[in-house]
Amino acid sequence: MSDVTVLHHAQCSTSRHALTVAEDLGVDVEVVQYLKTPLTRDQLVALIAKLEDSPAELVRKDSFFKDQGLDAAGYTTPDQVAELLVEHPRLMERPVLVRGDRAIIGRPKDRVAAFLEG
């Protein structure tokens with residue numbers, strides 16, 4: 001069983017950085033490519049419950065978010081965020097690192113090593 005699960009997007013340099021840090025630290029990682037295997041609503045709600053960050057921070061407010069006509073104020077609760085990410089998995093901030101009953105968003109990059117070492 002892996003020490004840490006990383007919700008990963010291979011085209012994201014920050015996500016790749018998290019995997020490199022884990023490898024350098026010798027941490028056994030399970031990689032979940034969440035765009036190829038999207039999380040279910042229940043999985044997202046469980047993830048958000050572990051998240052040390054606010055639910056709203058799990059949502060990328062990028063150009064795709066804006067193109068969809070979405071308003072950040074409408075995605076602040078765990079249920080709102082889970083519903084959005086079920087519909088649009090690409091809007092999930094990455095990487096997300098999960099260890100036991102704790103999870104963080106690996107941004108900024110310096111959060112990753114501290115989480116993996118702790």
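None of the figures in this text is laboratory data; all of them are computed from the coordinates on show. A quick note: this is a predicted structure, and the numbers were derived from the prediction, not measured. Reconstructed Cβ throughout: ideal geometry from the backbone, glycine too, with neighbour counts over all protein chains shown.
Restricting to the stretch 1-34, name every residue that is among the small types (Gly, Ala, Ser), surrounded by fewer than 13 Cβ atoms within 10 Å (Cβ to Cβ) and closer than 27 Å to GLU87 by Cβ. Give the derivation first.
Residues of the stretch 1-34 among the small types (Gly, Ala, Ser): 2, 10, 13, 15, 18, 22, 26.
Adding the requirement that they be surrounded by fewer than 13 Cβ atoms within 10 Å (Cβ to Cβ) leaves 10, 13, 26.
ALA10, SER13 - these are the residues of the stretch 1-34 that are among the small types (Gly, Ala, Ser), surrounded by fewer than 13 Cβ atoms within 10 Å (Cβ to Cβ) and closer than 27 Å to GLU87 by Cβ.
Could you list, in sequence order, all residues of the stretch 55-75 that are surrounded by 13 or more Cβ atoms within 10 Å (Cβ to Cβ) and of a type in the set (Ser, Thr, Tyr)?
Of everything in the stretch 55-75, just one residue is surrounded by 13 or more Cβ atoms within 10 Å (Cβ to Cβ) and of a type in the set (Ser, Thr, Tyr), namely TYR75.
In the stretch 1-18, which residues are in a helix (DSSP H, G or I) and either closer than 30 Å to ASP79 by Cβ or among the hydroxyl-bearing types (Ser, Thr, Tyr) (or both)? So that I can check it myself, show each step before the final result.
Our first condition is that a residue be in a helix (DSSP H, G or I); within the stretch 1-18, this holds for 13-18.
Selection gives SER13, THR14, SER15, ALA18.
Residue by residue through the stretch 20-54, note down the ones that are without any contact (Cβ under 8 Å) to a residue 40 or more places away in the chain, among the aliphatic types (A, V, I, L, M) and part of a helix (DSSP H, G or I). I'd like the intermediate steps shown before the answer.
Here is the first cut: in the stretch 20-54, the residues without any contact (Cβ under 8 Å) to a residue 40 or more places away in the chain are 20, 23-24, 26, 28-33, 36-37, 42-43, 45-46, 48-49, 54.
With among the aliphatic types (A, V, I, L, M) added as a condition, the list becomes 29, 31-32, 45-46, 48-49.
Correct list: VAL45, ALA46, ILE48, ALA49.
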